[in-house]
Amino acid sequence: MIFVILILIVIVYTAFSIYLASRILVNYPQKINVSADLVATKHTDFTIQGAQDAKLKGWIFPGTSNKLIIMIAGIKQTRTNDGYYGMYLAYDLIQRGYGVLMYDSRGNGESTGNVTQGLLESQDILAIVNYAEQQGYKPQHIGIIADSLGAISTLMVAEKLQNIGALVLDSSAARMAPIIANVLINQNGVWPVFVPGTFLAMKYIYHVDVNQINPIDHVAMVPNRLFLFIQSNGDTIIPVHNAKELLAKANSQSKLAIFYGGNHIETYKLHPKQYKSIVLPFLQQQLGK
């Protein structure tokens, strides 16, 4: 009888762990029902090849300068990045002469491919940067503003972006495993005992090893890179200590701006003037004339 009970416990534990893993890696397809004209009437729709046959769709808006800002959203967000007020930020950037590129990350919006919590998303970023260069933008005149999973993915290839002019990372994790555990336990009420099983299911069934997703290791690989980290102090998804840890591993001239008030990725949304007073001078300094 005890043996049967143990077998049932193992079955239930395994099944629930696989279920949780599938929910973490679920895709979020969604039609883009917002017009790009809200940002600027002059724009181009594009589709490019990402990693492992993913098709990445987005918009590119020309500016009045030779500088381009690539905006990279987090999970569950389309290219419009509503949670970050992405369309408003894009408009602000264009008004200051920047070109802007916005795209749906893999498995989100109209882009295909599987969500991998930063592993393949990071490779997609390299494809997006390559596309921007093909449009005539020089690497030193390209900046990236990325938030949440977008920031995590960007840092995962920081050493391959050394020619890029500016990196602005909002609400990035230092290490992914504690963040997913935090979301499972504190945001969704999952018992901690299920976390190891979920990570094993992610690794062996979905081939996503969260223990390999450690942006902090990649920050340490680029000692000459100046980063701008930004974070809300009230972030309950990715606590502010992550940004402090990343800063500690970065070049000593890197900066961390902490926004008081607001939760995850609510920096620009709640504090647009403060955000622009910090981010815009950094972009101008790093991207040059």
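So the values come out like this:
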item	result
Extension gain (nm, one decimal) between Q274 and Y13, 0.36 nm per residue minus Cα-Cα	89.3 nm
Residues N224 and Q285, FRET efficiency given R0 of 22 Å [Cβ-Cβ distance, rounded to 0.05]	0.90
Charge dipole magnitude, Cβ of K and R +1, D and E -1 - the chain, Cα centre, debye nearest 20	460
The chain: translational diffusion in µm²/s, Stokes-Einstein, Kirkwood Rh over Cα pairs, 25 °C, 0.890 mPa s	126
Estimated FRET transfer efficiency when R0 is 22 angstrom, pair Q95-N251 (beta carbons, to 0.05)	0.15
Calculated FRET value between I185 and D82, using beta carbons and R₀ = 30 Å, to 0.05	0.65
Helix-only CD estimate at 222 nm, as mean residue ellipticity for the chain, using -39500 (n - 2.57) per DSSP H run (n ≥ 4)	-11000 deg cm²/dmol
Virtual paramagnetic centre 7 Å along Cα→Cβ of T41, amide N under 17 Å, in segment 58-72	61-64
Distance violations [Cα-Cα > 29 Å] among K160/K276; K31/K249; K67/K160; K55/K203; K31/K273; K76/K276	K31/K249; K31/K273
Kirkwood-type radius of segment 202-270, with distances r between different C-alpha atoms, in Å	13.4
Positive-end residue of Y131, L280, Y268, charge dipole of the chain with Cβ unit charges	L280
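Each reported figure results from applying straightforward, stated rules to the coordinates on display, with no laboratory input. Values in this document were obtained by computation on a predicted structure and should not be read as measured data. Using ideal geometry, Cβ is built from the backbone for each residue, glycine included, and neighbour counts are taken over all protein chains shown.
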